[in-house]
Structures are given as C-alpha cells and as structure tokens.
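So the structure is just underneath, and the comments pick up after that.
No lab work stands behind these numbers, since they all come straight from the coordinates. Not measured: the values here are computed from a predicted model. Backbone-built Cβ (ideal geometry, glycine too); neighbour counts: all protein chains shown.
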Amino acid sequence: MGAGNSSRSGYRVLAVHPNSPFSELPVEPLLDYMVIPEGNDCFSNAKNFAALVAKSEGKEFPLNLYNLADQELRQSTIVPRKWEGRGLLGADFVLEQFNEDFSPALRVLNIYATSPLDKAGVKPYTDYILGTKRQTFQSISDFDSFIKCSHKTPIVLQIYSSQAETVREAIVIPDKDWGGVGMLGGDITFGALNAIPLRKSKPRPASPKDLPKFPSPASEHIPNSSKETEGPMLCLSAIDRVCELSLIHICRCRRYAVCRSRWSPYH
C-alpha cells in the first residue's frame, strides 16, 4: 500500500449472495475491501454511496478492491442490477479502516486438547479468525464480548489458513464448562505483529497512486447529509441490524450494553 502504510477506508465484504451481481466477481468475503478513494468523503457515507450505485444501474461500475492476504490492489467492474434478492449488488459490507501492516484478524496461537477450538478443528499458529458472515472484530475486547455472550451457542467463524491460503468455516461452541480455562481453550492475539502473512502465490501490492478512479461525486450530484456521520462500523452479535438502503447493505451496529467486563475467554 505504499511506503507510508497509511490507513485507508473501505467497505469490507462480509458475505456474497448466490446469483447476485457480486457473485459474478472473484471476490473473497472478509478478505476483500472495496477501497474508498482518498479525499472522496462522499463514499464514506453509505447513503451517498448507495445513491451512486443506483445511478449506475445497468451500467459498468468501477471497483477498487484490496485483498488482505494478497496485499494487492486490483481493478474490477460490476453492473448493478435488480436480482432475486435485496439491493443492486447482492453483498453485505461493513465500513472499516485497514493498512498493509495491520490486518483486522485474530491469530490463533496455542490450542488445548479437547477444548472448543480443538473440537472445531481450528489450527494453532496458521489459523486467523476473520469474523463471521455478519460481523468483524476490531480488537481483542470486541471478540471477548462476542464470545462471552455466546456461551454454549454454536457460532460459525470464518477462518483464514496461512498454510492452505484459503478461507473455511469452523463451528465453535464456547463453553466455560469444557474442562479447562476459558470458554474457547486457546490463546488468541491481535495486532500488527500477528497480521495475515502475504499469500505466496500473489504478487506484491501496487502503489496507492495506481488506484483507478471512481466517477466524480460532483458530476453525479450526490446529496450530502450533514445530519448523519458514518465512521468505521463493527457488527457484534445478535443485536446487530442491517441498514436496508434498498440499494446496498451496510452492516451497522451498537456495542453491547451488557457483557462488558474485561476478561479473556480464550486463554
């Protein structure tokens, strides 16, 4: 992402729906972002972005995509259109920040025998927890709250394996009564020193100056709402709601009002 490795904003793809426009693209949910061009604040507002997508219905719409595992910027196009599901794109997104040296994923370290993580087939050191199809985690405390409020409830985690270099699902049942310490039975860490490693089969990332440009917001006459502030959004647990914009779906959330105590359920 360039020498400065500055943070960028993007709509992280959470899930792609079958037979939708987005399903026709080679997109990897939870690894791919639709990058917001620098200085283009219009795209940071979900309603404005939805309006731009609507104006492009039936026409090619350029996408700037960044992949966490490939650490690569690439250009693609999509034709927004009505399909059998909701919206014109057919995918769910969450607005986040990212950069080359910090991938928003939790790295699994030690796993204890017969623990919930062990029973789910999660592997130590090579597995990274990306999130679920409805939420991501921006810190250890976010994951802590989610796990604590999921006691004995099956959760489907999206796991990236640096060994297989692919994403898979793991069904985990957090359980404080499993016979060991914590609810997961493993050590999990988060941060720049434990970022997803570069996928070996892909080239090095391009420079930000090589990013293709979106259509000019000014030329599209996108309305700007001064009453709504859009920032990085984190989706957490069953109280999440999906913002139905009729055009695109941005996952929005509120943090827990309960289960806020600071403790570690995984070591």
Quick one: putting +1 on the C-beta of Lys and Arg, -1 on the C-beta of Asp and Glu, what dipole do you get for segment 1-141 around its Cα centre, in Debye to the nearest 20? 440 debye
So if I place +1 on the C-beta of Lys and Arg and -1 on the C-beta of Asp and Glu, and nothing else carries charge, what would the dipole magnitude of segment 80-129 be about its Cα centre? I want it in debye, nearest 20. 260 debye
Hey, which of these cross-link pairs are over 22 Å Cα-Cα: Lys119/Lys152; Lys119/Lys200; Lys133/Lys176; Lys133/Lys200? Lys119/Lys200; Lys133/Lys176; Lys133/Lys200
Kindly state, to the nearest 0.05, the FRET efficiency for Lys82 paired with Ala164, given R0 = 45 Å and r defined as their beta-carbon distance. 0.80
Electrostatic dipole magnitude of segment 133-203 [Cβ: Lys, Arg +1; Asp, Glu -1; Cα centre; debye, to 20]: 320 debye
Burial-style ranking of 54-64, 182-192, average other-beta-carbon count within 10 Å with highest first, yields 182-192, 54-64
Using the basic label-point model (7 angstrom from Cα toward the beta carbon), what is the Glu57 to Val181 distance in nanometres? 5.7 nm
